[in-house]
Amino acid sequence: MKVLMSGNEAIARGAYECGVTFAAAYPGTPSTEITEEFSKYEGVYAEWSPNEKVALEVAIGASLAGANAMAVMKHVGVNVAADPLFTVSYTGTNGGLVIVTADDPSLHSSQNEQDNRNYAKFAKIPMIEPSDSAEAKDFIRIAFEIARKFDTPVFLRTTTRLSHSKSVVETGEPKPSGAVLEIRHDPRKYVMVPANARLRRLAVEERMKKLAEFAETFPENRIEMNDPSMGIVAAGMAYSYAREAFPEASFLKLGMVHPIPAGMIRAFAARVDRLYVVEELDPFLEEQIRALGLPVAGKEHLPFTNEFDPGIVETALSGKAANVKALPQVTIPPRPPNLCPGCPHRGLFYVLGKTKTFVAGDIGCYTLSFMKPLAGLHSCICMGASVGMAHGMSKALGEGGHGKVVGVIGDSTFIHSGITSLLNTVYNQSDVVIVICDNRTTAMTGMQQHPATGYTLQGARTRQLDIPSLGTVLGIENVRVINPLDLKETREVIKEELERKGPSLVVAQSPCALLLKKKGGEEKPLRIDPDVCTGCKVCLGLGCPAISWRKFDAETEKTFKKKTKKQEGIAVIDRDLCNGCTLCSQVCKFKAVEEAK
Amino acid sequence: MESKVRSILIAGVGGQGVLKASDILSAVIIEAGMDVKKSEVHGMAQRGGCVTSHVRYGSRVYSPLARKGDVDLILSFEKLETLRYLDYLKEGGRVIINDLEVYPPSVNMGEAEYPPNVIDLVADHVDTVEVIDASEKAARLGDPRMVNTILLGVLSRHMDIDTAVWEKVLRKTFPPKVVGKNIEAFHLGRKD
Ligand SMILES: Cc1ncc(C[n+]2csc(CCOP(=O)(O)OP(=O)(O)O)c2C)c(N)n1
């Protein structure tokens with residue numbers, strides 16, 4: 001059947017059809033839907049692991065038992081999983097092991113733009129890269145075939161554009177993989193002490209040599225001869241862009257980006273007048289082709305940053321300016337992402353933004369609080385960094401830092417990589433206040449379950465992590481639980497804990513507004529009484545999308561009964577957006593906010 | 001010989017149904033026997049940001065992304081969003097605008113101005129502009145969410161695809177309870 005599928009749906013479908021039965025992952029845009037979609041198929045096991053390192057180790061275990069298993073993550077997830085990655089490259093596996101890495105050129109929703117093709121070379125692991133959904137579905141099967149044939153983990157690389165664009169896929173029936181599940185002992189292969197690892201190290205080089213030979217005849221590396229004056233080497237989405245920008249050119253389309261088929265590239269170069277590489281981000285292929293002694297052009301024309309489109313590729317390589325009209329001369333106000341109306345993070349950061357502290361932040365919806373008007377978060381490096389950074393800053397500042405350093409981390413992020421650093425604040429005793437924003441979900445990536453939600457990816461009820469108790473067990477003496485939508489309580493507890501010596505833990509508990517909406521809870525929208533509102537704008541300081549400022553026009557200017565001479569307008573609440581969190585009524589000194597009728 | 005690829009850009013604001021509309025449009029194109037690719041960005045855009053979708057079709061499509069200056073038609077669910085992507089339109093391209101203003105946060109806060117003359121600015125810039133009061137029409141039909149079906153009806157006038165194909169896909173897309181209303185909404189847009 002012909003259906004429209006995103007690259008992510010196609011990877012999930014392809015995995016299911018070729019008999020993959022096991023997936024472990026941690027969510028992260030643009031990879032999340034692969035695991036979500038896969039988990040819905042019959043007869044498969046899929047889990048959200050607490051982080052990517054655990055996910056990869058889980059998948060390694062499953063494949064040692066003979067299963068075809070995949071570990072799925074966004075590009076920066078591979079950084080977290082890098083430790084097991086580099087050594088499972090030595091051991092290989094019994095079943096198939098595929099690591100799906102979803103890169104994010106243009107940083108649509110990431111903190112950096114790293115090119116994970118470099119991991120393939122670094123860890124000596126083959127990598128294949130599809131260029132549309134139909135290929136995505138085929139390539140996941142091919143990835144497992146290569147994994148089993150060469151006893152190697154295999155990378156499947158996707159990018160945001162591939163993961164989130166949709167194209168036509170022909171679906172088929174699932175085939176059993178023939179995997180034999182059993183325990184096999186082979187200490188020389190699986191116990192990586194130096195003596196064994198030295199031997200495996202040689203096996204890796206042998207394997208890479210064989211893979212390089214395989215690449216020469218791999219059918220997904222193919223030459224498409226056309227006009228020989230221009231020859232383009234490309235893979236993945238960049239191939240699709242280049243193919244469209246230069247329909248007359250000749251192509252060497254690489255399905256496998258590591259290792260590269262040197263012989264094939266030489267042969268192609270000999271048949272064309274000028275050789276180009278079209279690739280997003282790093283000159284990964286280009287440098288290797290140049291190392292073959294072939295003259296090639298690429299990054300001297302094409303950008304190192306951001307994703308391409310056919311226009312960018314054509315303009316860069318042809319040198320001709322594109323025929324694009326300028327936009328009309330007018331300032332277009334942007335629409336930055338914002339915390340939702342009723343988001344519990346708003347209360348916490350409204351309070352933190354008014355303290356004279358450094359708030360080491362982390363990654364999640366709450367990171368958006370760095371923006372005005374809340375401006376209550378002052379750093380964001382990677383998942384889990386907040387706690388360690390706050391500790392380090394407090395230690396460096398010494399006495400001068402007392403009461404001035406806060407670390408804030410989301411519940412999913414805390415479980416991902418904040419627990420060990422929280423332990424460190426106790427072990428090495430710093431003077432920090434760590435706040436966990438416990439909104440009962442992984443909101444940023446679309447509401448995934450995690451160990452503190454009480455449910456698994458496939459919907460089973462499970463033991464629920466009790467975060468405050470964990471803090472106590474780690475040795476925190478002052479564990480406080482607050483409701484961040486209660487500003488008075490939040491203000492008081494933060495103040496007390498800042499004054500106290502030693503590490504404190506504040507767990508700010510209130511469910512995500514979208515979670516409440518999904519559960520269909522009753523919402524009581526609020527309104528602002530225009531006869532009471534003084535136009536002081538304090539409520540606008542919450543940055544709530546439901547509250548807007550209505551400046552008096554000439555007419556109302558004359559007729560309106562102003563509360564002060566200087567009043568210029570009133571605040572209004574959009575009742576369709578408001579969920580009745582009451583933060584605005586808590587900050588309004590004039591009691592202008594009431595329940596909407 | 002491969003036929004020319006056509007590109008449609010759908011723009012709007014989170015929650016307006018832009019992605020649903022581009023899904024339906026793509027399904028119609030497949031049903032009509034053509035190749036299609038469509039692009040959209042999830043993630044941060046979900047939090048109240050702009051939403052755009054490129055839909056590209058023809059006998060064989062490679063890139064899911066259109067290039068600037070090469071889009072045949074912009075279908076905009078919100079006035080301001082039209083301006084943001086106008087540089088994608090090709091010479092002689094068409095713009096369909098839903099006559100609706102959704103204020104960005106800076107306008108809500110009184111820090112920026114919503115350009116007062118969006119339609120004029122667009123009209124100065126391109127040859128064919130159609131302004132449709134789809135949000136009002138949808139409200140009259142009793143469900144504001146039907147904006148996207150009405151706008152698809154308007155769009156369908158500029159595509160060479162049988163009404164029967166559209167109806168077939170609409171029937172497959174919507175649950176029985178709302179199918180009738182949506183087909184009515186589609187024709188409301190198509191006839192105008
Ligand atoms: C290593 C790594 N994995 C995954 C991500 C993607 N990601 C960003 S924030 C986040 C989780 C946020 O959840 P939580 O901490 O609960 O905060 P919330 O969004 O719910 O406020 C994820 C999975 C990432 N940036 N880095």
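Computed values, structure above
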{"item": "Degrees separating the helix A:52-64 axis from the principal Cα axis of chain A, which is the longest one", "result": "40 degrees"}
{"item": "Estimated FRET transfer efficiency (A:Ala197, A:Arg274; beta-carbon r; R0 30 Å; 0.05)", "result": "0.10"}
{"item": "Bins of 10 Å, starting at 0 and running to the largest distance - Cα pair percent for the range A:196-284", "result": "17, 43, 26, 11, 4, 0"}
{"item": "Proximal aspartates and glutamates to A:Lys189, defined as alpha-carbon separation beneath 18 angstrom and excluding residues fewer than eight positions away on the same chain", "result": "A:Glu57, A:Asp83, A:Asp151, A:Glu205, A:Glu206"}
{"item": "Helix A:487-499 vs. chain A, principal-axis angle (Cα, 0 to 90°, nearest 10)", "result": "80 degrees"}
{"item": "10 Å beta-carbon shell around A:Phe414, net charge (K/R +1, D/E -1)", "result": "-3"}
{"item": "22 Å tail of the calculated P(r), the range A:182-339, as % of Cα pairs", "result": "55 percent"}
{"item": "Mean Cα-pair separation over length for chain B, i.e. relative contact order, pairs under 8 Å, 6 or more apart, %", "result": "20 percent"}
{"item": "Percent of C-alpha pairs per 10 Å bin, the range B:94-192, short to long", "result": "14, 37, 31, 15, 3"}
{"item": "Cross-link partners of A:Lys537 among lysines (Cα-Cα below 17 Å; sequence separation of 8 or more within a chain)", "result": "A:Lys354, A:Lys372, A:Lys551, A:Lys562, A:Lys563, A:Lys565, A:Lys566, A:Lys589, A:Lys591"}
{"item": "B:Trp166, A:Trp549 arranged by Cβ crowding within 10 Å, fewest neighbours leading", "result": "A:Trp549, B:Trp166"}
{"item": "Per-residue ³J(HN,Hα) for the range A:214-228, Karplus 6.51 cos²θ - 1.76 cosθ + 1.60, θ = phi - 60°, Hz, x for Gly and Pro", "result": "4, 4, 5, 10, 5, x, 7, 9, 9, 9, 10, 6, 9, 5, x"}
{"item": "Directionally averaged shadow of chain B, computed from the convex hull of its alpha-carbon atoms, nm²", "result": "11.4 nm²"}
{"item": "Within the range A:516-579, GluC sites (Glu not before Pro) in DSSP loop having at most 12 other beta-carbon neighbours inside 10 Å", "result": "A:Glu522"}
{"item": "Student exercise, chain A dipole from Lys, Arg, Asp, Glu Cβ charges, in Debye to nearest 20", "result": "1440 debye"}
{"item": "Angle between chain A longest axis and helix A:385-397 axis [Cα atoms, degrees, rounded to 10]", "result": "60 degrees"}
{"item": "Cα-based shape type of the range B:136-192, given that a ≥ b ≥ c are square roots of the gyration tensor eigenvalues and the cut on a/c is 1.5", "result": "oblate"}
{"item": "Label point 7 Å beyond Cα of A:Met1 along Cβ direction - residues of the range B:153-168 with amide nitrogen under 18 Å", "result": "B:168"}
{"item": "Evaluated over the protein assembly as shown, the Cα radius of gyration and Dmax, each in Å", "result": "28.0, 89"}
{"item": "Shielding score for A:308-317, defined as the mean number of other chain Cβ atoms within 10 Å", "result": "4"}
{"item": "Restraint check, A:Lys53/A:Lys209; A:Lys124/A:Lys395; A:Lys395/A:Lys495; A:Lys124/A:Lys299; A:Lys2/B:Lys177, Cα-Cα greater than 30 Å", "result": "A:Lys124/A:Lys395"}
{"item": "Neighbourhood net charge (14 Å Cβ-Cβ; Lys/Arg +1, Asp/Glu -1) for B:Gly142", "result": "+2"}
{"item": "Filtered trypsin sites (Lys or Arg not before Pro), the range A:147-205: DSSP coil and at most 15 other beta carbons within 10 Å", "result": "A:Arg184"}
{"item": "All-pairs Cα distance distribution in the range A:344-518, expressed in whole percent, bin size 5 Å", "result": "1, 9, 19, 24, 22, 14, 6, 3, 1, 0"}
{"item": "Size of the range A:1-84 as Cα extents on the principal axes (Å, biggest first)", "result": "41, 29, 15"}
{"item": "Separation between Cα centres of the range A:3-26 and the range A:116-186, rounded to whole Å", "result": "10 Å"}
{"item": "Spacing of the two label points (7 Å from each Cα toward its C-beta) at B:Thr128 and A:Thr217, in nm", "result": "5.5 nm"}
{"item": "Within-13-Å neighbourhood charge of A:Asn196 [Cβ basis; K, R +1; D, E -1]", "result": "+4"}
{"item": "Relative exposure of A:Tyr239, B:Tyr57, judged by other C-beta atoms within 10 Å (fewest first)", "result": "B:Tyr57, A:Tyr239"}
{"item": "Karplus (6.51, -1.76, 1.60) ³J(HN,Hα), θ = phi - 60°, over the range A:181-196, in Hz, Gly and Pro reported as x", "result": "9, 6, 8, 10, 9, 7, x, 5, 8, 10, 9, 8, 7, x, 4, 6"}
{"item": "Debye intensity ratio I(q)/I(0), log10, the range A:2-217, q values 0.14 Å⁻¹ (C-alpha model)", "result": "-0.78"}
{"item": "Calculated Rg and Dmax of the range A:419-540 using C-alpha coordinates, Å", "result": "18.1, 56"}
{"item": "Residue mean of other protein chain beta carbons inside 10 Å, A:25-33", "result": "1"}
{"item": "Euclidean distance of C-alpha centroids, the range B:106-144 and the range A:297-367, integer Å", "result": "24 Å"}
{"item": "Length released on extending from A:Ala596 to A:Asp553, taking residue separation times 0.36 nm less the Cα-Cα span", "result": "13.0 nm"}
{"item": "For the range A:526-595, convex hull volume per residue from C-alpha positions, Å³", "result": "84 Å³"}
{"item": "Two-site FRET efficiency, A:Glu182 against A:Ala267, from Cβ-Cβ distance with R₀ of 60 Å, rounded to 0.05", "result": "0.85"}
{"item": "Cα-based reach from B:Lys79 at 18 Å (exclusive), listing lysines while leaving out same-chain residues under 8 positions away", "result": "B:Lys137"}
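Values in this text are rule-based calculations from the coordinates and carry no lab data. If you're wondering where the values come from, they're calculated on a predicted model, not measured in any experiment. No Cβ is skipped: glycine too gets one built from the backbone with ideal geometry, and neighbour counts run over all protein chains shown.
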